[in-house]
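Below: the structure, in structure tokens.
No value in this document is a laboratory result; all are computed from the given coordinates. Quick caveat, the model's predicted, so the values are computed rather than measured. Heads up, the Cβs are rebuilt from the backbone with ideal geometry, glycines too, and the neighbour counts pull from every protein chain shown.
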Amino acid sequence: MACKILLAPDAQIALSRNTNEWAKEEERTEGKQQEREEKKMKRKEELEAKEKHKDTAKRRDKQRQVVKAQKKVSSATTSNRQQSNPWPAGRSGHAMAYDPKNKVVYMHGGYDGSMH
């Protein structure tokens, strides 16, 4: 048995308005939810980009520190070697020996012509 409800014309108009308003409200809610999802995705992408930038900056800083340290070591060893004359002074009366195990030449004593 089917039941049919008869509404007055004013009630039918009010019901159709309510139905339209509900549909519009549902569309707005879905739109807002979609906007929220888009904002979340955008925030996530921004955070990932920031993290990537931080990692890149850290790597770059570490590389700079390594280069700086290498330059210090390089300049320290070359500054010890720099002399006004690239050749050692002549020497006499000295003793010299070669250590083949350590591959080093030892020189002891002698006179280089200076007055010290």
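Here the simple spin-label model places points 7 Å from the Cα toward Cβ, and for residue 92 and residue 71 these points are separated by 4.7 nm.
Fully extending the segment from residue 39 to residue 63 would add 5.1 nm, taking 0.36 nm per residue of separation and subtracting the current Cα-Cα distance.
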